[in-house]
Amino acid sequence: MKKNILLIAALALLTLGFTSCEKESEGLTRITYYATLVLEGPTYAEIHQGDSYSEPGYSAVMQGKDVTSQVIVTGKVNPAVAGVYTVVYSIENADGFVSSSSRTVVVIDADDPIQGHWTVTPTSFRSYKGNDVEYGDSFDILIVGNNGDGNYYVSDMFAGWYAQRAGYGDSYAMEGVIKVAEDGTISLLASLVAGWGDSLAGIEDGKFDSAAKQITYKATYVSGMVFDVTLNKVED
């Protein structure tokens with residue numbers, strides 16, 4: 001009799017446990033389906049200021065159904081104003097999970113002598129602990145203005161040392177914002193390398209030479225590491 005009572009009690013607890021689990025999972029989707037989001041056209045584009053720009057298009061499919069109408073687009077390109085624009089496309093499924101993609105559009109003022117593509121000279125070098133090591137190759141750097149206020153976005157203040165020369169990728173480019181004074185003097189306003197989450201200590205001897213179409217500066221990084229950079233303008 002005692003064994004029967006224990007068995008009944010155990011069955012009751014087991015049944016209660018199943019009931020509780022069922023209630024906790026009630027209303028939840030066992031399988032979640034994500035939307036497949038496709039961007040048409042390039043995910044990176046450059047246009048000259050004043051040119052027209054049209055959205056290349058996008059589409060989304062979820063469980064075999066066209067759900068393009070559910071895509072939310074944030075960000076807008078203004079081709080009349082120079083700058084770097086990011087357009088984000090996102091769609092949320094029934095369980096609140098979001099699929100997203102982005103497109104970058106760069107608007108360049110071709111009449112601005114600073115805006116556009118530059119290459120680092122192979123003889124530029126990094127100084128570290130008494131050793132100078134040359135870049136040894138030319139790497140591409142993009143500089144874009146901010147509608148004539150003298151401030152410019154620089155794609156990599158390292159001039160490609162880690163992102164291109166070492167092959168680490170774009171996350172290890174030291175993005176920066178510089179100010180170019182009327183006399184060509186360059187000062188650093190902001191900088192960040194996303195891969196390491198830190199910035200430059202500063203720059204020295206920054207200069208834009210309009211006649212030579214050249215930019216020079218010395219960028220100081222951690223532990224006294226200095227990048228002695230000379231950039232030459234790439235003509236369209």
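Points to keep in mind about this one:
- Those residues of the range 162-183 which are in a loop (DSSP other than H, G, I, E, B) and touching a Ser or Thr at 6+ places or on another chain (Cβ under 7 Å), in sequence order: A173
- Looking only at residues in the range 81-109 that are hydrophobic (A, V, I, L, M, F, W, C) and open to solvent by 60 Å² or more (accessible area, probe 1.4 Å), the one that is nearest to the chain's Cα centre (by Cα) is V84.
- V180 being among the aliphatic types (A, V, I, L, M), open to solvent by less than 30 Å² (accessible area, probe 1.4 Å) and more than 23 Å from A45 (Cα to Cα): yes
- Taken over the range 200-231, the residue count meeting the criterion of being outside any strand (DSSP E or B) and within 20 Å of D183 (Cα to Cα) is 4.
- In the range 24-120, counting only strands (runs of 3 or more DSSP E) that sit wholly within it, the ones holding 1 or more residues that are within 30 Å of V229 (Cβ to Cβ) and of a type in the set (S, T, N, Q) span 83-92, 98-108, 116-120.
- The condition of being of a type outside the set (A, V, I, L, M), in contact (Cβ under 8 Å) with a residue 12 or more places away in the chain and within 28 Å of A60 (Cβ to Cβ) holds for only one of S102, S124, S155, that being S102.
- Some residue of the range 184-194 being farther than 26 Å from Y85 by Cα and either free of Cβ contacts under 8 Å to residues at least 12 places away in the same chain or in a loop (DSSP other than H, G, I, E, B) (or both): yes
- Scanning the range 139-161 for residues that are assigned to a loop (DSSP other than H, G, I, E, B) and either within 15 Å of the chain's Cα centre (by Cα) or surrounded by 18 or more Cβ atoms within 10 Å (Cβ to Cβ) (or both) yields F139, S155, D156, M157, F158, A159, G160.
- Some residue of the range 215-228 being within 19 Å of S155 (Cβ to Cβ), in contact (Cβ under 8 Å) with a residue 24 or more places away in the chain, surrounded by 12 or more Cβ atoms within 10 Å (Cβ to Cβ) and of a type in the set (K, R): no
The values are calculated or read from the model by the stated rules, or taken from the named source; none is laboratory data. This one's a predicted model, so the numbers in the text were calculated from it and none came from an experiment. Please note: Cβ atoms are built from the backbone with ideal geometry, for glycine as well, and neighbour counts cover all protein chains shown. SASA here: full protein model, heavy atoms, side chains in, ligands and nucleic acids out. Shrake-Rupley method; radii C 1.70, N 1.55, O 1.52, S 1.80 Å.
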